[in-house]
Every structure is written in structure tokens, then in C-alpha cells.
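Remarks on the structure that follows.
The values are calculated or read from the model by the stated rules, or taken from the named source; none is laboratory data. In this text, all values refer to a predicted model and were calculated from it rather than measured experimentally. Neighbour counts are summed over all protein chains in view; Cβ atoms, including those assigned to glycine, are modelled from backbone coordinates with ideal geometry.
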Amino acid sequence: MPPERVGTSPLLRRMSNSIKLMLFKKTIQTLSVVALSLGALAPIPSQAATCSYASHYGIGDGYDGQRTANGERFNAYGNSAAHRDLPFGTRLRVTNESNGKSVVIRINDRGPYVSGRSLDLSYGAFSTIASPSRGEIRVCYSRL
């Protein structure tokens, strides 16, 4: 005698496989719509700003024209930056805390390797928001 099937109703046993497949697809579609609806109700995480110190590099240090960690040539006068963890290509708005000036940069390198700093801005990006003679400034940045 064959073992008894667990979890199957007499109605399902009488249905053809094509009808079972159609019901399965409709169930998946309905669940997908419900899941998407619930996802639309979920709160969107805010892009909170991170504040830290930033320095600049590229002029007088031999880095201008060299390859960055992502393989492209570094342009000291461009708007780029080095960060330890953010993915290459990430765009950030960097704002100088002391004067409110901001610049949009793209992560294309790794660094800085100095404790207490989270960004190494290109000379061009740094000079947009502060005088390069400052060397290091307090900034806040957020992803775009």
C-alpha cells in the first residue's frame, strides 16, 4: 500500500498539473503585489551626513597624473576624493563646516591613511570649499 500523502487535499489530488501550475503562478503574482505594496509603505532611510576631517592631495606630492586605486589617472584639479571604504564611483556632497561651501565629488581612490581623517579631497575639490593653505578642514558629507 502506498504511503499516505501529507498535506494534500482531495481537491488538489483531482486537479490536473496545468491547473495546479496556473494556481501557483496566480498565488506568486498576488504575493508579489502584496510584498511590493508593503515595501512602498516602508520608511526610506535618510542620507544622514557624516562629519570628519578632510585633507587634500595632488599638488606637490607627485600624485597628479598617477593611477588611482580604481585604475584611472588622478587629476589634481578635478572633483574627486579618496575614502577607505566607500565604493568607487560613489558621489558625495562635501560641505565645509566653517563656511558652508560645498562641492560634489566622486570616490576614485583609497585613503586617507592618517588617523582622524575620512576623506582626502583632490586639490581642486578642496580649493572649492577652503583655502588649500589650511591643509585640513572639518567637513560633513552625504551620499547623493
Would you confirm whether or not region 30-45 contains a residue that is closer than 30 Å to Pro112 by Cα and at pLDDT 75 or above? no
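Considering region 101-130 alone, what residues qualify as being of a type in the set (D, E, K, R), surrounded by fewer than 17 Cβ atoms within 10 Å (Cβ to Cβ) and within 16 Å of Ser142 (Cα to Cα)? Even if it seems obvious, please write down each step before you answer.
Looking only at region 101-130, we keep the residues that are of a type in the set (D, E, K, R), and these are 101, 106, 109-110, 117, 120.
Those still in the list that are surrounded by fewer than 17 Cβ atoms within 10 Å (Cβ to Cβ) too: 101, 110.
The one that is of a type in the set (D, E, K, R), surrounded by fewer than 17 Cβ atoms within 10 Å (Cβ to Cβ) and within 16 Å of Ser142 (Cα to Cα): Lys101.
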Practice prompt. Go through the residues of region 55-72 one by one and say whether even a single one is of a type in the set (A, V, I, L, M, F, W, C), under 15 Å from Pro132 (Cα atoms) and at pLDDT 95 or above.
Written response: no
Here the residues within region 125-144 that are more than 23 Å from the chain's Cα centre (by Cα) and in contact (Cβ under 8 Å) with a residue 40 or more places away in the chain are Ser127, Thr128, Pro132, Gly135, Glu136, Ile137
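What do you reckon, is Gly100 assigned by TED's automatic domain parsing to the domain that holds Arg67, more than 21 Å from Asn75 (Cα to Cα) and not basic (Lys, Arg)? Step through it out loud before you land on a result.
Numbers: assigned by TED's automatic domain parsing to the domain that holds Arg67: yes; more than 21 Å from Asn75 (Cα to Cα): yes; not basic (Lys, Arg): yes.
So Gly100 passes the test.
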Tell me, please, whether a residue that is among the basic types (Lys, Arg) and not in a loop (DSSP other than H, G, I, E, B) can be found in region 95-107.
yes
